[in-house]
1. Which value, in Å², gives the accessible area per residue of region 1-146 when a 1.4 Å probe is used on the protein heavy atoms?
2. Ordering THR71, THR279 by accessible area with a probe of 1.4 Å, largest first, what comes out?
3. Report, for the chain, the % of DSSP beta bridges that are antiparallel, rounded to 5.
4. Taking amide H positions as placed in the peptide plane 1.01 Å from N, state which residues far from GLY120 in sequence (5 or more) or on other chains have amide H under 5 Å from it.
5. Using a Gaussian network model on the chain with a 10 Å cutoff between Cα atoms, which of ALA260, ALA200, ALA94 fluctuates the most?
6. Using a simple spin-label model with points 7 Å from Cα along the Cα→Cβ vector, what separation in nm is obtained for VAL199 and THR279?
7. Would you list, by chain and number, the lysines whose Cα falls below 26 Å from the Cα of LYS13, excluding same-chain residues fewer than 8 positions away?
8. What percentage of the solvent-accessible surface of region 146-277, computed with a 1.4 Å probe over protein heavy atoms, is contributed by carbon and sulfur atoms?
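The values are calculated or read from the model by the stated rules, or taken from the named source; none is laboratory data. From a predicted model like this one, the values you see are computed outputs, not experimental measurements. With ideal geometry, Cβ positions are generated from the backbone for all residues, glycine too; neighbour counts draw on all protein chains shown. Side chains are part of the model used for accessible areas, which takes the heavy atoms of the whole protein and leaves out ligands, DNA and RNA. Shrake-Rupley method; radii C 1.70, N 1.55, O 1.52, S 1.80 Å.
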Amino acid sequence: MVLPLPTSLSPSKVSSFTDCALAFRFSAIDHLPEPPSVAATRGTLVHAALERLFTLEPAERTKPVAARCLTEAFEELEDHPELAGLELDEDGLATLHAEAEVLLEKYFRLEDPTRITPIGIELKLEIELAGVKLRGIIDRLELDEDGELVVTDYKTGRAPGERQEQQRLAGVAFYSLLCERLFGRRPARVQLLYLADPVAIISTPTDRSTRGVERKLAAVWTAVERACEREDFRPNPSRLCDWCGFKAYCPSFGGAVSLADAYREEQSRERRSSELSLTA
Ligand code: SF4
């Protein structure tokens with residue numbers, strides 16, 4: 001059997017494939033649902049609060065207003081499976097809210113939001129490069145004091161060590177490439193704001209980094225095509241397994257890949273039958 005190709009690549013898919021090809025397959029090809037996690041939901045809440053904050057006039061972007069934005073984001077997510085699925089009791093919800101509030105408070109140590117000129121928030125970008133769809137969501141696109149483009153990505157986990165930093169910066173070069181192709185201008189700066197530490201990792205895209213990311217994307221796509229043809233996505237156990245939601249399917253943890261095949265085929269049968277009933 002040949003596995004279906006994923007429809008696109010994104011920075012997170014590229015790093016997932018590089019970290020563990022099997023986890024990539026479960027997510028991007030089998031589309032297995034991932035159980036909600038407190039860390040991911042905390043990230044969603046902080047991103048949503050900052051998104052709200054940057055829809056406001058500069059002078060309004062203060063700490064108390066950011067706290068209000070977080071409360072609103074929390075209320076909006078209340079019945080969503082991402083929050084409801086965590087099944088937290090009152091204390092657990094209060095802890096999650098407090099942790100998100102701390103991250104927001106630390107955000108203000110990294111920059112002054114009243115001085116930022118956003119031109120796009122949660123911006124969905126898509127281009128086609130050598131037959132591959134590349135997609136990314138930029139947390140914030142802004143203009144600096146010289147009118148140059150700056151891409152900002154918020155991170156709610158810890159800042160990476162030296163090795164992972166290179167990988168994260170490859171994600172940054174991906175965003176820069178999307179901007180360059182879509183807006184005809186290379187961003188002057190791409191910054192990752194690690195709120196927990198808090199620390200900013202700033203990179204200046206160059207011809208070399210752009211060529212590097214193009215080469216890497218082509219190599220990843222070729223490897224994905226080959227793995228799909230051969231149905232050969234291998235597990236790569238590492239400490240990342242601690243956060244992996246696919247252990248039940250992973251042979252390294254006694255799981256069965258056949259369960260993922262069964263899930264994908266069932267989903268595809270359901271899709272086909274709903275398409276048929278729509279055309280009937
Ligand atoms: S548990 Fe580890 S080895 Fe298995 S799929 Fe997840 S990340 Fe890969």
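1. Accessible area per residue, region 1-146: 51 Å².
2. Largest accessible area first, the list is THR279, THR71.
3. 75 percent
4. The list, which skips near neighbours in sequence, is LEU141.
5. ALA94
6. 5.5 nm
7. Candidates past the 8-residue exclusion: LYS124, LYS133, LYS155, LYS216, LYS247.
8. Solvent-exposed carbon and sulfur of region 146-277 make up 48 percent of the total.
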